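Report on the following structure.
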Amino acid sequence: MGLQIEEFTSSMIGVDNTTLAYAVKNPLSFVFNSISPNDWYVNSETYQNDALWGAGVNKSAYDPCPKRWRVPTDASLTYGDFSVNTMILSDLGINVATGRTYNSMAWFPSGGYRRSLYGTLGGVGGNGYYWSVSVNGTSAKYLNEGMSGVNPSAISNRAAGFSVRCVQE
């Protein structure tokens, strides 16, 4: 069974986190909400939860990272100097140019994202999108990398499907 793409409408989203409970029970579902504020599980700013991934406080049960790891607080502070270097995959013998190396140690692939409207793919092979726990009003900050540049403090609505890159505490 593959990924299921499901839009939650205002009649399905509740203040009692019914959408959150559904998402936990159905990890292969991409849940999105096209209603403002375009959060993936609520349809009102009042019910947005800025601490689902910890946000520098106690680790929550919904944090996608394992114990002693966390989602970066702010990509501009966590990730430093990026290079446009490519990496050779020795086992395949091919040159990979769709991603960036960080400090010659970590590879950030340009895996793209799922759009917040309809859940379709975008940016695959051209850009990488990595969530942080930092918020900006009703939106959240993320790291956007591509061969043309890096934006460590980009902003998007929370219904977008970006990658999560855990860092060690």
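Worth pointing out:
- Exposure ranking of Thr46, Thr101 by accessible area [1.4 Å probe, largest first]: Thr46, Thr101
- Nonlocal amide H pairs with Trp69, under 5 Å, H built at 1.01 Å: Glu169
- The slack in the chain from Gln168 to Tyr47, taken as 0.36 nm per residue of separation less the alpha-carbon distance, amounts to 40.6 nm.
- In percent, rounded to a whole number, the relative contact order of region 114-169 is 35, using alpha-carbon pairs under 8 Å and six or more apart.
The values are calculated or read from the model by the stated rules, or taken from the named source; none is laboratory data. Just so it is clear, the model here is predicted, and its values are computed rather than measured. Keep in mind that these areas ignore ligands, DNA and RNA; they rest on the heavy atoms of the full protein, side chains included. Shrake-Rupley method; radii C 1.70, N 1.55, O 1.52, S 1.80 Å.
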